[in-house]
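Note sheet for the following structure.
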2 protein chains.
Amino acid sequence: MNIEDEIKKLDWSKEPKGLYEPIGYTLEAGGKRIRPTLCLIGARIFGGAEKDVLPAALALEVFHNFTLLHDDVMDKAEVRRGRPCVHKKWDENTAILSGDQMMIEAYKLLSQVAENQLPTVLRLFNKMATEICEGQQYDVDFGISEYTGISLHEYMMMIRLKTSVLLATALQIGAYMAGATEQEQQALYEYGIHIGLAFQIQDDYLDCYGDEKTFGKAIGGDIREGKKTWLWLTAMQSTTDMSPLMSKDYTTIIAEYNRLGVPQKALQEIERLTRQALTYLEQVPQNEATDQLRQLAEKLVTRKS
Amino acid sequence: MNIEDEIKKLDWSKEPKGLYEPIGYTLEAGGKRIRPTLCLIGARIFGGAEKDVLPAALALEVFHNFTLLHDDVMDKAEVRRGRPCVHKKWDENTAILSGDQMMIEAYKLLSQVAENQLPTVLRLFNKMATEICEGQQYDVDFGISEYTGISLHEYMMMIRLKTSVLLATALQIGAYMAGATEQEQQALYEYGIHIGLAFQIQDDYLDCYGDEKTFGKAIGGDIREGKKTWLWLTAMQSTTDMSPLMSKDYTTIIAEYNRLGVPQKALQEIERLTRQALTYLEQVPQNEATDQLRQLAEKLVTRKS
């Protein structure tokens, strides 16, 4: 099953256009479709049919894109996936209302799952949706608080909520719908959590040490914005002289990171989390779908963009 | 069952405070709680237990308050129920994100209904949620379009979506959960639709002809904002000389309304819609709960605020 084709089949040519066009615009912009793909893989590992989990897989993708739409409004972002954000192409009110409708559309897709599985799927989905909003709020809170307010532990908690739980829940829902045991569902969930954490640290790493050509955006953005990333928080806890880290100059910060061995620590942590993710896969049936998750983990550690 | 007490029992003292406090603030502000009350009455008419429909009733109230929260951001409103709007007391991003979480909380409450009833309740709820967003979008579209773009018929369609379907669905969900037939559910739904339309026209009427003391806000607000209300659209279709109606001066508009018999037409239409609403009640069991709906309709026509 090609998930991109399934997303294209969703009809957004409805009235009123002001409500639905921005939803179509957002969903047609592409992206890796990693969340619905994980949901399908989660089902395939346990011999589930992709068509049975498709509504849930699509709900996850629509919900994810809804969060991007509203996050872009809150961040006052200009561009998403090479095109103007909805609140730029239309206006802020359109982005708020179309985003609201997009969340409802996610729940409409979800309501198409088999009736006997709906209560559990809805419960898992609601838990995930709540955690994403909590993660977003912690991100906001951390952004405005002083350093003393945030530890590396809290940062990991935040990215777990903001990024990992959606990947983890996508796998769990697919697994649950295909008849996996609680323990098997939990194993895939933990794989998703660890992959998500590794993914975010890799993102923080590439923002400082990536190649502009392959990374697709300017290097050092996090530093110039003074963002509290995994690298910055790790540097902070590795030194007693915090003054160089208060700079927003790329060269100054990178020199300090290098002096403190931060890039090596980041790569080690990504490697550690990825290895840990892979151990969880030992608890589920071994087949081509499980192999796909292994390859995904592998690709993550070596990715340049 | 006192619905106000049940709303108070919901716990918003959770972390992160920035996400949950605005939800508690919004819900504690009161209001008539008409939607959850209708849901409970809908169940009582068919002998249903209030405690069984309570989660759905609360979901409707939380969802309604979510729409108010986001509408206030979009309208740049200052005050709601005598207190600063969330985006004023906190900020716009807080209002967006807490609103999003509030919608999720509505779905979490909904997920507590009996498992065998969940698929239908979720379907009815999603349909209603979609229609409210569509109604809000039409309201925006109508606000920016020229007169020629809107007929009274379109205005009624818009308020049906924006206001009536939530009242109608509240009754329908209560009735469905208590075992009403499709036809009985539909009768209560139509009662809700007609009451909602009458309510909105009464609102438009009071904004021009109400008593400031009992209405609770300044008279003539709609006129000063140049809003296309039922009264204005009716005046437009009753005259060939549209120029006086292009004014935003209270005295000019009211004189024109009076000349064209608009207030009498409004009162007649409210009366007609209310009578029609009451006829639908003949199709459902007659008991004290049905009487409550009759009293509600009566109160509506004679209300001053």
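Quick notes on this one:
- B:Glu15 without any contact (Cβ under 8 Å) to a residue 60 or more places away in the chain, within 10 Å of chain A (Cβ to nearest Cβ) and of a type outside the set (A, V, I, L, M, F, W, C): yes
- Per-region count, segment B:155-192, residues over 20 Å from B:Arg33 (Cβ atoms), under 16 Å from the mean Cα position of the chain (by Cα) and not hydroxyl-bearing (Ser, Thr, Tyr): 7
- Under the condition of being more than 10 Å from every other protein chain (Cβ to nearest Cβ) and touching a residue at least 40 places away in the same chain (Cβ under 8 Å), the residues counted in segment B:83-105 number 4.
- Residues of segment A:136-152 that turn out to be facing another protein chain (nearest Cβ under 7 Å) and aliphatic (A, V, I, L, M), as a count: 1
- Of the candidates A:Ile219, A:Ile254, A:Ile270, the single residue that is β-branched (Val, Ile, Thr) and closer than 30 Å to A:Thr181 by Cα is A:Ile270.
- Residue among B:Gln112, B:Gln101 that alone is more than 28 Å from B:Ala178 (Cβ to Cβ) and more than 17 Å from the chain's Cα centre (by Cα): B:Gln101
- Restricting attention to segment B:106-135, the residues that are of a type in the set (Asp, Glu) and at the interface with another protein chain (Cβ under 9 Å from one of its Cβ atoms) total 2.
- Across segment A:18-42, the number of residues qualifying as under 19 Å from A:His87 (Cα atoms), in a helix (DSSP H, G or I) and away from chain B (no Cβ under 14 Å) comes to 4.
- Verdict on B:Gly220 being more than 30 Å from B:Ala77 (Cβ to Cβ) and either surrounded by 12 or more Cβ atoms within 10 Å (Cβ to Cβ) or within 18 Å of the chain's Cα centre (by Cα) (or both): no
- For segment A:203-259, the set of residues classified as touching a residue at least 60 places away in the same chain (Cβ under 8 Å), outside any helix (DSSP H, G or I) and in contact with a Leu (Cβ under 8 Å, 6 or more places away or on another chain) consists of A:Gln237 only.
- Test: residue in segment A:250-257 that is within 16 Å of A:Gly192 (Cα to Cα), surrounded by 14 or more Cβ atoms within 10 Å (Cβ to Cβ), of a type in the set (A, V, I, L, M) and in contact with a Gly (Cβ under 9 Å, 6 or more places away or on another chain): no
- Any hit, segment B:22-37, residues being in contact (Cβ under 8 Å) with a residue 60 or more places away in the chain, farther than 25 Å from B:Val121 by Cβ and buried (at least 21 other Cβ atoms within 10 Å of the Cβ): yes
- Counting only helices (runs of 4 or more DSSP H) that fall entirely inside segment A:55-164 and contain at least 2 residues that are modelled with pLDDT of 95 or more, crowded, with 22+ Cβ neighbours inside 10 Å and of a type in the set (Ser, Thr, Tyr), the qualifying elements are A:92-110.
- Any hit, segment B:275-293, residues being part of a helix (DSSP H, G or I), over 21 Å from B:Gln185 (Cα atoms) and out of contact with any His (no Cβ under 7 Å at 6 or more places or on another chain): no
The values are calculated or read from the model by the stated rules, or taken from the named source; none is laboratory data. Predicted model, so just to flag it, every value in this text is computed and none were measured. Positions of Cβ are generated from backbone atoms using ideal geometry, with glycine treated the same way; all protein chains shown enter the neighbour counts.
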